[in-house]
Amino acid sequence: MSTKDYVEKDYYKVLGVAKDATTADIKKTYRKLARQYHPDANRGDAKAEEKFKEISEAYDVLSDDKRRKEYDEARSLFGGGFRAPGGGGFPFDLGDLLNNQGGGSAGGLGDLFGGLFNRGRTPGQPGPTTAGVGRRGTDIESEASISFMQSIEGVTIPLRMTSEQPCTACSGTGAKAGTTPRVCPTCSGTGQTSTNQGGFAFSEPCRECKGRGLVVDTPCPTCNGSGRAASTRTLQARIPSGVKDGQRIRLKGKGAPGERGGPAGDLYVVVHVKPHAVFGRDGDNLTVTVPVTFPEAVLGADIKVPVLGGMPVTVKLPPGSANGRTMRVRGKGAPLRDGGRGDLLVTFEVAVPVKLSDEAKTALESFRTATSDHDVRADLLKQAKDGGA
């Protein structure tokens, strides 16, 4: 999402809630709208699908206290348009300012607001260092394999991670033991330098200290003055219920630690789900194939069908069911974000016996004789002869 979208979109209006709505009210309203506009309930309706995406986007922001606070502050600060410092009296569009590619210093206005809108960063890229604020830790990528049942129920798994941590030899200062770094004389320890152009202040990381705010004269031999060193740790990662194979999960604050008191980065886990011997998955629905006998398919029958993690249910197979018929069992699928569940899609396949008793052969011969006047391939042969017309 662009910064302009983040500021200009009215998420409260999208959900139809007041700006002082409680988290519980927001959640209740979201669940109602999600059920109304969910793609499974509006198949082929592009407008409903777009509406579902909008309310999901709004809920992601407003249901998170920290993100909601940042959003409210951004709307309050920039909602009416940005004006040049010094009372220039001419309004500028915030999105145009942040995306301006012409002229200016190397940092640009994007650096000016980078601390507020620090979203959409690619894993491994550190956040900006603003005056008096530490540097955000880098994001980390990892992978995990879980069972099919764990993907449905959710699971907490241990992940062994190798990432950069504060160097133990110098306690993260980057200076050799017995020495200390000094405050950068260029930026006075802020980590940034500013230049004024046309009434605007442009900020960029200090080139002298590379944004750290400190200068190391005698580097630590272990980390070569960086203050960071590779470290291995094990953390507990919560994989939510209903996760799909290949889905990327964001664990906030589980990435590399920040510098100078800055916040930790995020951990992104790509989840691989092992196949199940009986059940499959189709979106939010589970699938299962159940064998039936020829008499059951012809005459109809009550068939017991397995349910993942629960007791079997009975499905009434109508008489004259063709091989491969699929029936739906409501609410027995994968968990949904609104608290509900998808469906179980049951496909019935006629099991052809390999061996038959003499009595069974005699019965089938009688059946074949009784139905010999009905040629099931007549239409097929006729259409082939007529060229498919």
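The values are calculated or read from the model by the stated rules, or taken from the named source; none is laboratory data. Note that the structure is predicted; figures quoted are calculated from it, not measured. Cβ sites come from the backbone with ideal geometry, for glycine too, and all protein chains shown count toward neighbours.
Of all the criteria given as (1) more than 28 Å from L251 (Cβ to Cβ); (2) of a type outside the set (S, T, N, Q); (3) under 22 Å from the mean Cα position of the chain (by Cα), the one not satisfied by K69 is (1). Considering only residues in region 235-259 that are outside any loop (DSSP other than H, G, I, E, B) and of a type in the set (D, E, K, R), the one that is farthest from A144 (Cα to Cα) turns out to be E259.
Y268 meets the conditions (1) in a loop (DSSP other than H, G, I, E, B); (2) within 26 Å of C167 (Cβ to Cβ); (3) under 12 Å from the mean Cα position of the chain (by Cα) in every case but one. The failed one is (1).
Taken over region 1-47, the criterion of being more than 12 Å from D338 (Cβ to Cβ), assigned to a helix (DSSP H, G or I) and modelled with pLDDT under 85 is satisfied by T3, K4, D5, Y6, V7, E8, P39, A46.
If you take the residues of region 302-339 that are polar (S, T, N, Q) and part of a loop (DSSP other than H, G, I, E, B), which of them is farthest from L286 (Cα to Cα)?
Across region 302-339, the extreme among qualifying residues is S321.
Does F367 qualify as being out of contact with any Asp or Glu (no Cβ under 7 Å at 6 or more places or on another chain), hydrophobic (A, V, I, L, M, F, W, C) and farther than 30 Å from K244 by Cα? So that I can check it myself, show each step before the final result.
Working: out of contact with any Asp or Glu (no Cβ under 7 Å at 6 or more places or on another chain): yes; hydrophobic (A, V, I, L, M, F, W, C): yes; farther than 30 Å from K244 by Cα: yes.
For F367, the condition - out of contact with any Asp or Glu (no Cβ under 7 Å at 6 or more places or on another chain), hydrophobic (A, V, I, L, M, F, W, C) and farther than 30 Å from K244 by Cα - is met.
Confirm whether T326 is out of contact with any Lys or Arg (no Cβ under 9 Å at 6 or more places or on another chain), free of Cβ contacts under 8 Å to residues at least 12 places away in the same chain and surrounded by 10 or more Cβ atoms within 10 Å (Cβ to Cβ). No, not satisfied. When region 340-389 is filtered for residues that are loosely packed, with under 10 Cβ neighbours inside 10 Å, outside any helix (DSSP H, G or I) and of a type in the set (A, V, I, L, M, F, W, C), the ones remaining, listed by number, are V352, V354, V376, A389. If you go through region 280-300 and keep only what is under 12 Å from R325 (Cα atoms) and either in contact (Cβ under 8 Å) with a residue 60 or more places away in the chain or assigned to a loop (DSSP other than H, G, I, E, B) (or both), you end up with T289, P291. Selection within region 154-180: residues that are more than 22 Å from K210 (Cβ to Cβ) and either without any contact (Cβ under 8 Å) to a residue 24 or more places away in the chain or buried (at least 16 other Cβ atoms within 10 Å of the Cβ) (or both). The member of this set that is farthest from the chain's Cα centre (by Cα) is G178. Look at A237 and say whether it is over 30 Å from L317 (Cα atoms), touching a residue at least 40 places away in the same chain (Cβ under 8 Å), among the hydrophobic types (A, V, I, L, M, F, W, C) and loosely packed, with under 13 Cβ neighbours inside 10 Å. The answer is no for A237.
Does V305 satisfy being aliphatic (A, V, I, L, M), under 16 Å from M149 (Cβ atoms) and assigned by TED's automatic domain parsing to the domain that holds G333? Write out each step before concluding.
Details: aliphatic (A, V, I, L, M): yes; under 16 Å from M149 (Cβ atoms): no; assigned by TED's automatic domain parsing to the domain that holds G333: yes.
Against the criterion (aliphatic (A, V, I, L, M), under 16 Å from M149 (Cβ atoms) and assigned by TED's automatic domain parsing to the domain that holds G333), V305 does not qualify.
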